[in-house]
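A.B. asks: Structure incoming, see below.
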Amino acid sequence: MAHWLQLMAESLPSLLWAGLIFTIPLTLLSFVFGLALGLATAIARLFGPMPLSAVARFYVWVIRGTPLLVQLFVIFYGLPSLGILLDAFPAALIGFTLNIGAYSSEIIRAVISSVPKGQWEAAYSIGMSWRQAMSRTILPQAARVAVPPLSNTFISLVKDTSLAAAITVPELFQAAQRIVATTYEPLILYIEAALIYLVLSSVLSQLQVRLERRFARYGGMLEANA
């Protein structure tokens, strides 16, 4: 067996294990918490009182205007100066959650705003409260429109988790770095890590297509391709 192929075969279990134990949980938890934060932020900006709306805008402005890597460094390396000590994984989870929350809030705000005003009026005309109109009429319609951009955000997050290696989270990319430190074969191992990310992204892209078609079938915003 060729040397490079043998090296990739030997390192594959370690890389997959790191992805299973750290990369995937970090991605899923960050996206779920970030989506919840994004929804709350979007609603605060659209319907909240002025002080709350201003806080939400400031949060989005700061997160969107600074690099994700810098945000992770501030949380993991900077907060200890204030006496706040966090382990690597919780620090990465907080950083990714805040980042996803800001970007997803803009998506959610846009899709909620895209729902015609007549839908609100129709909901109110049959006696719904604001909360009922939002949960039963507005959000279901907005969710269909939000599927493609939120899916893209999720796929990007899978790749962005490699930045967690910079704050010592032993995820997939750092596992590759550790193997490189002992084998001195950076090209082979980094290509292998890239291929794993490529496979994950490709699988998620196919799931996104299926999800979009499903929403289209039940009255979504896209026409399903024949």
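The values are calculated or read from the model by the stated rules, or taken from the named source; none is laboratory data. Since the structure is predicted, the reported quantities are computational estimates derived from the model, not experimental observations. The area values use the complete protein model at the heavy-atom level, side chains included, leaving out ligands, DNA and RNA. Shrake-Rupley method; radii C 1.70, N 1.55, O 1.52, S 1.80 Å.
A.B. asks: Ignoring ligands, DNA and RNA, what accessible area per residue does the chain give at 1.4 Å, in Å²?
C.D. replies: That works out to 56 Å² for each residue.
A.B. asks: If ligands, DNA and RNA are left out, what is the accessible area of SER114 with a 1.4 Å probe, given in Å² to the nearest 10?
C.D. replies: Spelled out: SER114, probe radius 1.4 Å, area about 70 Å².
A.B. asks: Can you pull the accessible area of MET134 for me, 1.4 Å probe, Å² to the nearest 10?
C.D. replies: Solvent-accessible area, nearest 10 Å²: 10 Å².
A.B. asks: Springs between alpha-carbon pairs under 10 angstrom, Gaussian network model over the chain: which of LEU200, LEU28, LEU85 fluctuates most?
C.D. replies: The residue that fluctuates most here is LEU85.
A.B. asks: If I compute solvent accessible area with a 1.4 Å probe over the protein chains, what percent of it on the chain is carbon and sulfur?
C.D. replies: 68
A.B. asks: Please determine, in degrees from 0 to 90 and to the nearest 10, the orientation of helix 172-183 with respect to the longest principal axis defined by the Cα atoms of the chain, where the helix direction is its Cα long axis.
C.D. replies: Roughly 10 degrees between the two axes.
A.B. asks: Where the centre of each part is set by its Cα atoms, how far does segment 15-37 sit from segment 73-119, in angstrom?
C.D. replies: 14
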